[in-house]
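The values are calculated or read from the model by the stated rules, or taken from the named source; none is laboratory data. Computed from a predicted structure; not experimentally measured. Note that we place each Cβ from the backbone using ideal geometry, even for glycine, and neighbour counts take in every protein chain shown.
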């Protein structure tokens, strides 16, 4: 069974709830989708769910931030988007229940960011791209995101991917440790559900305490001076070079749609 919650489709798999991004054509993270996902992640444990699966549509997990929409916002509205996005990352990192992400296709930039803060990452086999491409469009990688990347793949690999904005295949992502498994596309959601079910079959007190210990470093990233970081991220967005790069990207996307 499922029911729509704005731009999220919710599927119940017993104690596991699946939150499926549903904003065609590419599940780009507009303000409304960020807010809806934040609400859905926070509500799941309150409504008795014991684990979450975050998924996308076939071939496209999420294309990241919806830059064409965000470029139309004024500074206060954009500051609110950054606050909500950081709140979403924090909610994923500090969730009291495990979260597995089924990367159903492409996941550049913000799509990979969501995955970084989940417990387990399962990617679909195929000609898909995963990675943090922010530098390619003029955005420095925020410190909290770089820390989460470094936590997964180590300092040198994180430097190589982040500094160049490199996008890699699912297989290469697995070799780096950026994702934990690569499975056939038709199995990716089921495998994420099974991963959650396996965790829930363990003695729960021991699993939950160990999970909190294992993820404490990630959670601590949001206990430092995040307001200062948010102010810096906001300033980067309005930097002249950044704005020029973002507008060029939007123009290139528009030309591709026309051709």
- request: Taking the options 231, 162, name whichever one is within 29 Å of residue 81 (Cα to Cα), free of Cβ contacts under 8 Å to residues at least 40 places away in the same chain and over 19 Å from the mean Cα position of the chain (by Cα).
  value: 231
query: Quick one: is residue 77 touching a residue at least 40 places away in the same chain (Cβ under 8 Å), surrounded by fewer than 16 Cβ atoms within 10 Å (Cβ to Cβ) and over 23 Å from residue 239 (Cα atoms)?
result: no
message: Quick check on the range 217-225. Is at least one of its residues surrounded by 14 or more Cβ atoms within 10 Å (Cβ to Cβ), modelled with pLDDT under 95 and not in a loop (DSSP other than H, G, I, E, B)?
response: no
message: Quick test for you: out of 210, 242, pick the one residue that is in a helix (DSSP H, G or I), free of Cβ contacts under 8 Å to residues at least 12 places away in the same chain and either out of contact with any strand residue (DSSP E or B) (no Cβ under 8 Å at 6 or more places or on another chain) or exposed (fewer than 11 other Cβ atoms within 10 Å of the Cβ) (or both).
response: 210
query: Would you call residue 58 under 16 Å from residue 20 (Cβ atoms) and surrounded by 15 or more Cβ atoms within 10 Å (Cβ to Cβ)?
result: no
query: Looking at (1) surrounded by fewer than 23 Cβ atoms within 10 Å (Cβ to Cβ); (2) part of a strand (DSSP E or B), can you tell me which one residue 87 breaks?
result: (2)
- request: Would you check if there is a residue in the range 165-182 being assigned to a helix (DSSP H, G or I), at pLDDT 95 or above, under 17 Å from the mean Cα position of the chain (by Cα) and farther than 20 Å from residue 29 by Cβ?
  value: yes
